[in-house]
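Each remark here refers to the structure printed beneath this line.
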Amino acid sequence: MDFAELTNEQRRQLIDVQQAFSAWRPAATELAHMGQLKWKSSKGKRYLRQERPNSSKSLGRETPALVKQKADHDAKRQQLRERVDSTRKRLDAMAPVNRALGLNRLPESKGLLGRHVIAAGTNALYAYEAATGVVLGSQFVATECRCGWSCRSQGRLQFTSCGCRARQAGSR
């Protein structure tokens, strides 16, 4: 089997990147789904509207409670934006190091396919590399192989020989 285990430096960098990503992703997701609260005027009165990408609804006429709700929402949105921006900058700064260490092939997050079963084709071999801490040889990337991770295999990556075939140039 042609593979190389990750070095200690690669493992350290991978852990750092995974930690930064695990801080960035939830904040970015929450920020994206949070929407905006905006004041709209109609017939001389102000109304608070909640706007999301595909919907907009009125929360009612201006009241002290709605003014506080908007202020709290804006503060939380600003806090999330700052967290997303700072972690994105950190991830961007780590990218050249990842490329230099040969980690640019690894997926962005761990646990993509679950804890006990990993089953995917050639396009997901990078997930296998991250899950097992190895870098597979180029012949596996150039073939269509079905691979399986068995919880009974004491953490060993198992390749099935059936279904492996060389991929034609330009085919997917």
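Tally the residues that are aliphatic (A, V, I, L, M) and crowded, with 17+ Cβ neighbours inside 10 Å, restricting the search to segment 32-45. Steps first, please.
Let us first name the residues in segment 32-45 that are aliphatic (A, V, I, L, M), namely 32, 34, 37.
Pick out the ones that are also crowded, with 17+ Cβ neighbours inside 10 Å and you get 37.
Of the residues in segment 32-45, 1 are aliphatic (A, V, I, L, M) and crowded, with 17+ Cβ neighbours inside 10 Å.
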Query - Inter-residue pairs, beta-carbon under 9 Å, first in the same structural domain as PHE21 (by TED's automatic domain parsing) and in segment 61-90, second basic (Lys, Arg), 6+ apart - result: ARG61/LYS45; ARG61/ARG46; GLU62/LYS45; GLU62/ARG46; LYS70/LYS38; THR87/ARG25
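Could you pull out the residue among ARG83, ARG99 that is within 14 Å of LEU31 (Cα to Cα) and not acidic (Asp, Glu)? Show your work before the answer.
Details: ARG99 fails: within 14 Å of LEU31 (Cα to Cα).
Selected residue: ARG83, the only one of ARG83, ARG99 that is within 14 Å of LEU31 (Cα to Cα) and not acidic (Asp, Glu).
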Query raised in the report: Pick from TRP39, TRP24: which is among the aromatic types (Phe, Trp, Tyr) and either in the same structural domain as LEU136 (by TED's automatic domain parsing) or outside any helix (DSSP H, G or I) (or both)?
Result: TRP39
Report task. Report whether or not ASN98 is surrounded by 14 or more Cβ atoms within 10 Å (Cβ to Cβ), at pLDDT below 95 and on the phi < 0 side of the Ramachandran plot. Result -> yes
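The values are calculated or read from the model by the stated rules, or taken from the named source; none is laboratory data. All values derive from a computational prediction rather than experimental measurement. Counting neighbours? That spans all protein chains shown, and the Cβs are built from the backbone with ideal geometry, glycine included.
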